[in-house]
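Q: Okay, here's the structure, questions in a sec.
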Amino acid sequence: MHKLLITGGAGFIGSHVIRFFLEKYPNYKIYNLDKLTYAGNLENLKDIEENPNYHFIKGDIVDAVFIQDLFNTEQFDGVIHLAAESHVDRSISNPLEFVMTNVIGTVNLLNAAKANWNSFDGKRFYHVSTDEVYGSLGQTGLFTEKTSYDPHSPYSASKASSDHFVRAYNDTYGLPVVISNCSNNYGSHQFPEKLIPLCINNIKHNKSLPIYGDGKYTRDWLWVYDHARAIDMVYHRGLDGETYNIGGFNEWQNIDLVRTLCTLMDKKLGRAKGTSEKLITFVKDRPGHDLRYAIDANKIRTHLGFEPSVNFEEGLEKTVDWYLANEEWLEHVTSGSYKNYYKTQYTS
Ligand code: NAD
Ligand code: TYD
């Protein structure tokens, strides 16, 4: 059995990766290490929790002693590291939390792999990262794997730092690593503080849709299931020490995306066309807001054969359908401390 540690598996992308790997690789034992922060929820994995090849470990990657003990006891064959603080707005109000989990936590995992893997043969440490490390594009151009790092938010600075440490462990100690930098994901089980699920939830409850600044900021959106497919390709076939950009060639300005979502939600909720759009409210901009992210995904396409499996309209419809069919999930994750957090947004 291949023993694979997936960190952050109770979160949005991690839960999809775990489900994907369990289905595709019945000869893998998958260990999900997660602290269960506000963003981590075991309800995301309810359908697979009884699978004999799945094990949940509650723990904090910032706890170096615990991480060393875990690697010493379990002798993992590989690591796919997704655990992170992931929301830009939260990083602006609490940068240190991001340094602790995203930087210190990553270095703890690297140290544990280095110290406990007797031989690096056949081992792999995969860091799942973001395109936000590259900074902001103007109206044209795409991020390639050769684009210089230029992070602006505390979140992207912490992810850039962790990427550098991962590469440094490859260069210095020969640790077999691989990195991917992906664009914005959307899909089921995403915590409703991020743009798409936040708008779906607010439309449902007739609450305003906060658009930062003029709404002309651009993101490149990829369906989360396609990110899981790409992670599978990179983990198994990516070359040691390499970086792969992952994206959908699918750029949207925020305002156009939210208007498209409003039209779809009106249809799904049986409301008159134009009802949800009235909820759009332009609010104070996010400080340091990156204008545009767009990925050149030609390397992963050419080297590993990656293509997105759905277009944006299909992916968005599947996403909306999931949120509308899973009201209980939405209610659970938006109860408690999240409600207080929501009030602290940049309202003008
Ligand atoms: P998420 O916030 O939904 O999930 C993060 C998970 O990490 C949660 O389950 C949380 O409990 C866990 N976690 C946080 N701190 C931890 C700690 N100290 N110890 C152990 N577990 C901890 O995030 P996501 O959107 O699923 O993102 C997963 C990864 O993918 C992150 O590394 C993120 O930077 C990267 N990424 C995300 C996107 C995106 O659009 N969401 C795009 C590109 C890359
Ligand atoms: P988000 O989902 O937070 O992802 P990221 O900041 O990592 O790209 O935001 C996506 C875009 O939507 C980004 O340009 C910020 C914008 N946005 C809003 O306009 N209003 C909101 O309430 C949120 C959460 C985001």
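The values are calculated or read from the model by the stated rules, or taken from the named source; none is laboratory data. All values derive from a computational prediction rather than experimental measurement. Note: ideal-geometry Cβ built from the backbone for every residue, glycine included; neighbour counts use all protein chains shown. Heads up: the accessible areas ignore ligands, DNA and RNA and are worked out on the full protein's heavy atoms, side chains in. Shrake-Rupley method; radii C 1.70, N 1.55, O 1.52, S 1.80 Å.
Q: So for each of 64-72, 8-16 I average, over its residues, the number of other beta carbons within 10 Å; can you give me the resulting order with the highest mean first?
A: Sorting 64-72, 8-16 by mean packing, highest first, produces 8-16, 64-72.
Q: Just how far, in whole angstrom, is the range 68-106 from the range 15-39 if you go by their alpha carbon centroids?
A: 16
Q: Further question on the same structure: Can you list residues whose amide H is under 5 Å from ILE280's amide H, if they're 5+ apart or on another chain and H is modeled 1.01 Å from N?
A: Residues meeting the amide H criterion: LEU209.
Q: Between THR281 and ALA168, with labels modelled 7 Å along Cα→Cβ, what's the label distance in nm to one decimal, could you check?
A: It works out to 4.4 nm between the two label points.
Q: Which stretch or stretches of the range 21-35 have amide N atoms under 20 Å from the point lying 7 Å from ASN94's Cα along the Cα→Cβ direction?
A: Inside the label zone: 34-35.
Q: If you don't mind, another one. Name the residue from LEU222, LEU269, GLY288 whose Cα lies farthest towards the positive end of the charge dipole of the range 147-300, charges +1 on Cβ of Lys and Arg and -1 on Cβ of Asp and Glu.
A: Of the listed residues, the answer is LEU269.
Q: So, with +1 on the Cβ of K and R and -1 on the Cβ of D and E, and no other charges, what is the size of the charge dipole of the chain about its Cα centre, to the nearest 20 debye?
A: Here the chain has a charge dipole of around 540 debye.
Q: What dipole magnitude, in Debye to the nearest 20, does the range 282-331 give about its Cα centre under +1 on Lys/Arg Cβ and -1 on Asp/Glu Cβ?
A: On the way: 6 positive and 11 negative charges, 97 e Å.
The calculation lands at about 460 debye.
Q: Give me the one-decimal nm value for the distance between modelled label points at GLU74 and ARG271, 7 Å along each residue's Cα-to-Cβ direction.
A: 4.3
Q: Kindly list the residues of the range 251-267 that lie in the label zone of ASP214, defined by a backbone N under 19 Å from the point 7 Å along the Cα-to-C-beta vector.
A: Answer for the range 251-267: 252-259.
Q: Please work out whether the range 59-147 counts as rounded, prolate or oblate from its C-alpha gyration tensor, where a ≥ b ≥ c are the square roots of the eigenvalues and a/c under 1.5 means rounded, while otherwise a/b larger than b/c means prolate and anything else oblate?
A: oblate
Q: Run lengths n ≥ 4 of DSSP H only: what is the helix-derived mean residue ellipticity at 222 nm for the chain, with -39500 (n - 2.57) per run over all residues, to the nearest 500? Write out the running numbers ahead of the final one.
A: On the way: 13 runs with 140 residues, N = 348.
The helix contribution divided over the chain gives -12000 deg cm²/dmol.
Q: For a label point 7 angstrom out from the Cα of ASP240 toward its Cβ, which stretches of the range 106-121 have the backbone nitrogen within less than 18 Å?
A: 110-121
Q: Using +1 at the Cβ of each Lys and Arg and -1 at the Cβ of each Asp and Glu in the chain, identify which of ILE30, LEU209, ILE92 lies farthest towards the dipole's positive end.
A: The Cα lying farthest towards the positive end belongs to LEU209.
Q: Keeping the other protein chains in place, figure out the carbon and sulfur percent of the accessible area of the chain, with a 1.4 Å probe.
A: Carbon and sulfur: 51 percent of the exposed surface of the chain.
Q: Take TYR173, TYR323 and sort them by solvent-accessible surface of the protein heavy atoms, 1.4 Å probe, largest at the top. Write down the numbers at each step before the final one.
A: Numbers: TYR173 105, TYR323 0 Å².
Reading off the accessible areas and sorting them downward yields TYR173, TYR323.
Q: Which GluC sites (Glu not before Pro) in the range 237-331 pass both tests, a DSSP loop state and at most 14 other beta-carbon atoms within 10 Å?
A: The qualifying sites: there are none.
Q: Using the beta-carbon distance between HIS152 and THR260 and R0 = 35 Å, what value does 1/(1 + (r/R0)^6) give for FRET efficiency, to the nearest 0.05?
A: Given R0 = 35 Å and the Cβ-Cβ separation, E is 0.85.
Q: Right, here's the next one. Which percent of Cα pairs goes in each bin when the distances of the chain are cut into 20 angstrom slices starting at zero?
A: It works out to 31, 60, 9, 0, in whole percents.
Q: Starting from the Cα of LYS29, draw a straight line to each of the lysines and keep only those under 24 Å, dropping any in the same chain fewer than 8 residues away.
A: Answer for LYS29, where 24 Å is the Cα cut-off: LYS3, LYS46, LYS58, LYS114, LYS123, listed by chain and number.
Q: Moving to a separate point now. Each residue of the range 293-299 in order: what ³J(HN,Hα) in whole Hz does its phi give by Karplus 6.51 cos²θ - 1.76 cosθ + 1.60, θ = phi - 60°, with x for Gly and Pro?
A: Along the range 293-299, the couplings run 10, 7, 9, 8, 9, 6, 5 Hz.
Q: Still on this structure, please answer the following. Of VAL103, TYR134, THR172, whose Cα points farthest to the positive end of the dipole of the chain (charges on the beta-carbon: +1 Lys, Arg; -1 Asp, Glu; origin at the Cα centre)?
A: It is TYR134, whose Cα lies furthest towards the positive end.
Q: Then there's this: I want the local charge near PHE66. Using Cβ-Cβ distances under 15 Å, sum +1 for each Lys or Arg and -1 for each Asp or Glu among the other residues.
A: Combined, the nearby Lys, Arg, Asp and Glu give -3.
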